[in-house]
Structures are given as structure tokens and as C-alpha cells.
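J.: Pasting in a structure now, in C-alpha cells, and then I'll have a few things to ask.
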Amino acid sequence: MPPPLVMGVINVTPDSFSDGGRHLAPENALAHARKLIAQGADILDIGGESTRPGAEPVDEAEELARTVPLIAAIRAESAMTISIDTMKPAVARAAVAAGAGMWNDVSALRFAPDAPAVAAELGCQVVLMHMLGEPRTMQNAPVYGDVIAEVEAFLLARAEAAMAAGVARGKIWFDPGVGFGKTLEHNLALLRGLPRLASHGFPVLLGASRKRFIAAIDPEARDPADRLGGSLAVALAGARAGVAAVRVHDVRETRQALAVQAAIAD
């Protein structure tokens, strides 16, 4: 089994949980994109609206201004896959026009009524993620009967809705939404259940880099930058479970860890 692709995160936001504000200036964002490409990223995920717990929404015009020029600038220099991390169909449409080839949607095409039709029209790869509620409230005492079964059923239903709107099955990805309306126990159960989520033939994107549940296991890791070890452990577990890609902040370190694990397995 080949190692998963590595998706590098670029948050063009002032308030993202790990690196908010660091790449908000266009020149800083482009420099970071070049760095991640040099470190071996297979995909760049560009986001202009934070979806951390408690995050406030960003209006469409601001999100467009933050993301579309950066996507165009990266595309002018590189043919690599670019992903737009947005819930808004208009932002996805502009991003694809600027050179993005993937729409990473934490709302699984539920934010706007026309989202599934727009995804079909664009013909790009589409990541459907599970989130309980919305970012401002998702961590307010989330409850599940069986988190794996419920996330699985949700993703399968959203895939059916997307395909009914005209999205090709081969364009659809699943993301279990680690940290999006889940407790530590829910996140760990989902990580154990990754093989089940990957068994339906949809590639799985795993995004757990630097997330808060790592600090719940290691209380010394209060700063997201101190969660590299936990992030690598999750990426390796995802690779063993058959995920297609891991979404990470630390591209070089993740690639190295995946390469060593693959070499051992060989």
C-alpha cells in the first residue's frame, strides 16, 4: 500500500487555531506555499475562514480576497493540486477558476442549497467532511450513540446527495472530521474506525494535525506547535488504516515519518 498523499495547510486567516495571522499577508502566504512545495507537499489546502471551535464566520468578499489571489499566484508557479477549504459555493467557483482542483468542504455541501449542483458543475475533487453543528457551537457537549456508525452513515448519505446532483463518484472524498464536534473519546474511536470508513471505496482525507485532542492526551502540549509527535502518530495510524491523504501543518516531518514506516513495511 503506498503512503498517503500529504496535504499542506495554508491558513490565510487571522484566527486559525495553530497559525492564525502568520500567513495572512499575501507575500507570507506565497512564501509558505513555496516552502511546503519544496518540502514535498502533494496538495496545498488554502483556507480563508477559520473553522476552529468558536470561530466566527467570514463574509464572502473577504474570503475571496484572502484566497483567490494566492491560488492564482501558486498556479502561476506550479502545476500541483490546489484545494480550496471553504463552505461557500461562490468561493469554490472562483477558486477553481483561479486554478484549484479540489473543494474541501467542512459542511459536506450543506452550507448552501446550490452547493451540490455547483460541485457537479465545477467537476473538481470534492471532500465531504463530517461536522456536528457549526464551528461556533460544535464543541458544546457533542453526543453520539455510536460515533463511527453515525459518521459513516452521514458521509454515505452526503455522497449519495452529491452524486444525485451530478458529482461523479470518483471525485468524492470522505473526511471523518476529527475535532469537529467530537470529544477525545469520539476522536479516538474514529481513528480506530478508519478502516471501516475507507472500506466504501471513497478515498479518505484525515485531518488531525496539531488538534486539541492531542493536548487532552498530553497536557504539556497546550501550544499547537508542541503537538508534532501526536500529529505524526495519527498520520502513521492513518497510513496503516488506508487513508488516501493526510492534512498536515508539518509537511517535511510527516513525509519522513511516512517514508520510514513504508520502508519498514517493505
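The values are calculated or read from the model by the stated rules, or taken from the named source; none is laboratory data. Because the structure is predicted, anything quoted here is derived from the model rather than measured. Positions of Cβ are generated from backbone atoms using ideal geometry, with glycine treated the same way; all protein chains shown enter the neighbour counts.
J.: Could you identify the single residue in 115, 162, 208, 108 that is modelled with pLDDT of 95 or more and under 17 Å from residue 241 (Cβ atoms)?
T.: After applying the criteria, what remains is 208.
J.: Go through segment 164-177 and report how many residues are over 14 Å from residue 102 (Cβ atoms) and either touching a Lys or Arg at 6+ places or on another chain (Cβ under 6 Å) or crowded, with 23+ Cβ neighbours inside 10 Å (or both).
T.: Count: 2.
J.: Is it the case that residue 146 is within 16 Å of residue 182 (Cβ to Cβ), surrounded by fewer than 20 Cβ atoms within 10 Å (Cβ to Cβ) and at pLDDT 95 or above?
T.: yes
J.: Restricting to segment 127-143, name every residue that is surrounded by 13 or more Cβ atoms within 10 Å (Cβ to Cβ), in a loop (DSSP other than H, G, I, E, B) and aliphatic (A, V, I, L, M).
T.: 131, 132, 138 - these are the residues of segment 127-143 that are surrounded by 13 or more Cβ atoms within 10 Å (Cβ to Cβ), in a loop (DSSP other than H, G, I, E, B) and aliphatic (A, V, I, L, M).
J.: Can I ask one more? If residue 181 satisfies all but one of (1) modelled with pLDDT of 95 or more; (2) over 14 Å from residue 239 (Cα atoms); (3) buried (at least 20 other Cβ atoms within 10 Å of the Cβ), what's the number of the condition it fails?
T.: (1)
J.: So in segment 199-227, with the set limited to residues that are among the aliphatic types (A, V, I, L, M) and more than 16 Å from the chain's Cα centre (by Cα), which one is nearest to residue 168 (Cα to Cα)?
T.: Among residues in segment 199-227 that are among the aliphatic types (A, V, I, L, M) and more than 16 Å from the chain's Cα centre (by Cα), the one nearest to residue 168 (Cα to Cα) is 214.
J.: Next question. With the requirement that a residue be under 22 Å from residue 108 (Cβ atoms), buried (at least 23 other Cβ atoms within 10 Å of the Cβ) and out of contact with any strand residue (DSSP E or B) (no Cβ under 6 Å at 6 or more places or on another chain), what does segment 195-210 give you?
T.: 208
J.: Could you please tell me which pairs satisfy a Cβ distance under 7 Å, a separation of 6+ or placement on different chains, a first residue in segment 212-233 that is touching a residue at least 12 places away in the same chain (Cβ under 8 Å) and among the aromatic types (Phe, Trp, Tyr), and a second residue that is surrounded by 15 or more Cβ atoms within 10 Å (Cβ to Cβ) and part of a helix (DSSP H, G or I)?
T.: Matching pairs, first to second residue: 213/187.
J.: Here is a follow-up. Sort out for me the helices (runs of 4 or more DSSP H) sitting completely within segment 147-266 that have 3 or more residues that are touching a Ser or Thr at 6+ places or on another chain (Cβ under 8 Å).
T.: Fully inside segment 147-266 and qualifying: 228-241.
J.: Determine whether residue 196 is touching a residue at least 60 places away in the same chain (Cβ under 8 Å) and more than 23 Å from residue 42 (Cβ to Cβ).
T.: So residue 196 fails the test.
J.: In this structure, does residue 189 turn out to be closer than 27 Å to residue 254 by Cα, touching a residue at least 24 places away in the same chain (Cβ under 8 Å) and touching an Asp or Glu at 6+ places or on another chain (Cβ under 9 Å)?
T.: yes
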